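Structure first, commentary second.
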Amino acid sequence: MTIMEAVGGGGAPRLADGTSLGDLFDLDRREVSLRVHHDPEIFEMEMERIFARSWLPVAHESEIPNPGDFVRRYMGQDSCLVVRGDDGGISVLLNACSHRGMSLCREEKGRAANFKCPYHGWAFGKDGRFMGAPFEKQMYGDQLRQEADRLRLVRAKTALLGGMVFANWDENAEDFQTYLGDFGWYLKAALERTNRGLEAVGPPQRHIMRANWKLLAEQLADGYHARALHQSAGDMGTLGHNANDPASWGLIGINVSTPGGHTLRCIDMRVTYNFEGMSAEASPAERLAAVPPPGADAAMTREFPQNLSEDQIRLLADTPPLVMGLFPGTDFFTLMSVSGSEDGSHGPVMVARTWIPRSPELFEMLTWILVERDASDELRERTKKTTIRNFGISGYIEQDDAEAWQGIQKVAQGPIGRRLTSKYQAQIGIVKPDDFGGGGDVHAGFSRDDAQWAWWRRYAEVMTAQEARGA
Amino acid sequence: MTETFKIAQDSAEISRGFGEGRRLRPTEGRYLELLDFLWEEAAVLDRDNLLGWKDMLDEAIVYRMPVCVTRKRRSGESYETETMHFDEDYLSICFRIRRFEETQAWAADPPTRTRRFVTGVRVWEAAGAGLYDVTSSLLLVRSTDDDYRTDLLTAERFDRIRVAGDGSARLVERKIIADQSTIGTHNFAVFL
């Protein structure tokens with residue numbers, strides 16, 4: 001019996017063994033069964049309910065600057081082409097020929113006038129429209145001409161944020177700004193602050209992780225793990241000045257969540273990273289010029305007022321966004337960190353990441369490095385190197401995160417282990433400082449589980465919703 | 001410290017003209033010495049002797065691993081890209097080694113077990129006293145914890161090695177080109 005058959009008359013879907021999906025979430029106690037990380041049925045549901053219908057990042061537009069430039073990426077399990085059109089617009093197309101379903105494009109990156117299927121030679125334009133087939137008249141007469149609209153490549157909706165191209169297969173999906181909701185305000189402050197904006201250094205790093213994709217997604221708002229899992233960063237003298245001080249571990253600040261499952265951690269610069277010993281009485285603009293946010297320089301901070309509101313500038317000066325998680329599994333991470341060198345210098349981490357689920361037990365991770373287009377060569381190099389040394393496959397911080405994701409996955413493989421629950425009882429509730437300009441559910445103070453639980457609430461909502469067959 | 005850092009920056013120049021000098025025959029003494037250097041390096045790393053490995057590095061080392069992407073045969077475009085998996089100099093390698101040696105780095109404690117197979121070694125004279133260009137094929141087999149599965153990684157390495165007057169060798173530059181565009185291991189808490 002499939003899940004959809006089991007849905008029956010109402011309520012949450014049931015798994016093959018009769019368990020209602022709703023029973024895997026204890027919304028009162030704020031706990032989630034580890035079974036969600038193991039079950040192949042749940043995985044297939046996620047592909048349909050989440051990845052076929054969510055806004056997912058596929059490329060940075062700077063990767064495909066010229067007409068015909070394309071990269072091949074994944075949205076969930078589906079391969080897609082991200083193509084720059086002749087008019088400068090970007091199309092995101094299913095990488096599958098409408099004739100027999102053959103993968104159209106066999107390279108990861110290139111430039112093409114059109115896309116021709118290797119199997120029978122059907123050709124498609126940069127915007128996915130059907131152009132023609134070999135021996136078309138002899139084979140089909142004028143049938144394909146008449147059906148050309150039906151034969152175009154499947155096309156996703158697209159939107160841009162900080163130059164990242166997001167796409168969504170679901171033509172009925174909410175538009176991108178609605179999807180971002182109150183989160184757009186924070187993301188634009190961090191990513192669209194300068195006149196010329198960000199670019200990617202190149203294509204993303206790609207590597208595998210033997211863990212369920214949710215173990216990373218749900219961790220984004222978890223500040224608490226830093227003290228134990230990243231103990232090494234403290235031992236190296238990189239995270240904080242005092243191992244017993246929560247501020248040193250980035251645990252004091254403002255967490256934000258939204259009903260849509262987006263999560264944000266902002267750390268309080270005033271108590272955490274006072275690199276230059278700036279007085280808290282200096283104006284936000286003065287403090288930003290003295291200690292520019294990650295990836296920017298002092299000259300760029302003077303452009304901020306052209307692109308951001310006063311409240312957004314104050315956000316960057318006082319409580320800058322550290323990790324910005326977008327439901328289901330994307331983040332932007334901006335951080336001033338140690339350069340990862342014994343020269344003791346600091347540098348910016350500027351990264352966009354997403355994770356492609358491959359199986360319940362394995363995901364693929366994509367890591368883009370972002371720099372300001374106007375960055376000097378020196379700032380660009382420093383950003384690239386600091387980011388690589390902190391994050392991504394060789395990053396000394398992320399190396400240890402991988403241990404937690406894979407370590408939990410091992411437990412979820414066992415029938416006894418996966419009866420355990422993940423627990424999110426540490427809640428601060430809605431605490432919003434009077435002078436704080438951002439929206440969403442604001443949780444100021446010690447970084448607790450509120451935002452993480454908001455991610456799970458959204459996940460549970462999407463996964464347990466009753467839905468019409470064939471929707 | 002600052003001075004060493006500057007040398008590392010400048011040494012990016014030396015990758016010019018790689019492999020354009022005279023090719024050394026496998027019967028020449030210097031070829032055998034360099035082959036032995038690579039075998040020694042593999043053994044030192046396989047035994048997790050990171051401080052020993054550090055002694056085999058020139059302080060001007062440039063250590064890089066570009067991200068690679070699948071391209072069409074006649075696209076005229078490089079498999080390599082500007083994004084890096086590793087982009088290191090001596091002081092950043094020292095940082096990584098100190099992390100493994102002296103702190104609670106979960107990724108390397110317990111240590112991952114590795115076996116490096118180095119083969120297909122070719123050597124050319126390079127411009128500059130005692131400098132040689134060396135390419136080799138690397139097979140890295142990695143075993144973590146009690147997992148029966150091993151991660152396999154194959155790569156070509158482009159090395160520039162300096163042999164001093166006393167015959168001791170140091171790695172001056174390494175570029176690692178993996179054969180996978182999606183790397184099939186969970187992290188690079190290992191050196192290649």
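The values are calculated or read from the model by the stated rules, or taken from the named source; none is laboratory data. Just so it is clear, the structure is predicted and the values come from calculations on it, not from any experiment. In this analysis, Cβ positions are derived from the backbone assuming ideal geometry, glycine residues included, and neighbour counts consider all displayed protein chains.
For the subset of region A:194-229 comprising residues that are hydrophobic (A, V, I, L, M, F, W, C) and more than 28 Å from A:ILE42 (Cβ to Cβ), which member is nearest to the other protein chains (Cβ to nearest Cβ)? Among those residues, the one meeting the criterion is A:VAL201. Counting just the residues of region B:58-75 that are at the interface with another protein chain (Cβ under 10 Å from one of its Cβ atoms) and in a loop (DSSP other than H, G, I, E, B), which one comes out nearest to A:SER339 (Cα to Cα)? This residue is B:VAL69. Here A:HIS38 passes the criteria (1) more than 21 Å from the chain's Cα centre (by Cα); (2) without any contact (Cβ under 8 Å) to a residue 60 or more places away in the chain except the one numbered (2). Note on region A:353-377: among residues that are farther than 22 Å from A:ASN212 by Cβ and more than 10 Å from every other protein chain (Cβ to nearest Cβ), the one that is nearest to the chain's Cα centre (by Cα) is A:LEU370. Among all residues of region B:121-130, there is none that is modelled with pLDDT of 95 or more, closer than 29 Å to A:GLY395 by Cα and not hydrophobic (A, V, I, L, M, F, W, C). Of the candidates B:MET65, B:MET56, the single residue that is under 18 Å from B:VAL172 (Cβ atoms) and touching a His at 6+ places or on another chain (Cβ under 6 Å) is B:MET65. Among strands (runs of 3 or more DSSP E) entirely within region A:114-221, having at least 3 residues that are closer than 25 Å to A:ASN95 by Cα singles out A:130-132, A:155-161, A:164-168, A:205-209. Residues of region A:316-353 that are out of contact with any Asp or Glu (no Cβ under 8 Å at 6 or more places or on another chain), assigned to a loop (DSSP other than H, G, I, E, B) and under 19 Å from A:GLY253 (Cβ atoms): A:PRO320 alone.
Is it true that A:THR464 is surrounded by 21 or more Cβ atoms within 10 Å (Cβ to Cβ) and touching a residue at least 24 places away in the same chain (Cβ under 8 Å)? In short, no. For beta carbons closer than 6 Å, sequence separation of 6+ or different chains, a first residue in region B:72-86 that is under 18 Å from A:SER62 (Cβ atoms) and a second that is part of a loop (DSSP other than H, G, I, E, B) and of a type in the set (Lys, Arg), the qualifying pairs are B:GLU77/B:ARG71. Taking each residue of region B:20-39 that is over 16 Å from B:GLY120 (Cβ atoms) and looking for partners that are among the acidic types (Asp, Glu) and surrounded by 13 or more Cβ atoms within 10 Å (Cβ to Cβ) with beta-carbon atoms closer than 6 Å, six or more apart or interchain, yields B:GLY21/B:GLU125; B:ARG22/B:GLU125. Given the criteria surrounded by 14 or more Cβ atoms within 10 Å (Cβ to Cβ) and not in a loop (DSSP other than H, G, I, E, B), does B:LEU51 qualify? No; evaluated as a whole, the condition is false for this residue. Looking at region A:324-337, is at least one residue farther than 29 Å from A:ILE50 by Cβ and in contact with a strand residue (DSSP E or B) (Cβ under 9 Å, 6 or more places away or on another chain)? Within region A:324-337 (the criterion being farther than 29 Å from A:ILE50 by Cβ and in contact with a strand residue (DSSP E or B) (Cβ under 9 Å, 6 or more places away or on another chain)), the answer is yes, since at least one residue qualifies.
Scanning region B:150-162 for residues that are within 12 Å of B:SER136 (Cβ to Cβ) and either within 12 Å of chain A (Cβ to nearest Cβ) or of a type in the set (A, V, I, L, M, F, W, C) (or both) returns B:ALA155, B:PHE158, B:ILE161.
Among residues of region B:163-192 that are facing chain A (nearest Cβ under 9 Å), those with a Cβ under 7 angstrom from a residue that is among the charged types (D, E, K, R) and assigned to a loop (DSSP other than H, G, I, E, B), sequence gap 6+ or separate chain, pair up as B:SER181/A:GLU108; B:HIS186/A:ARG210. Scanning region B:78-127 for residues that are more than 7 Å from every other protein chain (Cβ to nearest Cβ), of a type in the set (Ser, Thr, Tyr) and out of contact with any Cys (no Cβ under 6 Å at 6 or more places or on another chain) yields B:SER78, B:TYR90, B:THR112, B:THR114, B:THR119. Would you confirm whether or not region B:78-97 contains a residue that is closer than 27 Å to A:GLY237 by Cβ and surrounded by fewer than 16 Cβ atoms within 10 Å (Cβ to Cβ)? No, region B:78-97 contains no residue that is closer than 27 Å to A:GLY237 by Cβ and surrounded by fewer than 16 Cβ atoms within 10 Å (Cβ to Cβ).
Of all the criteria given as (1) under 21 Å from A:ALA52 (Cα atoms); (2) loosely packed, with under 15 Cβ neighbours inside 10 Å; (3) not aliphatic (A, V, I, L, M), the one not satisfied by A:ASN95 is (2).
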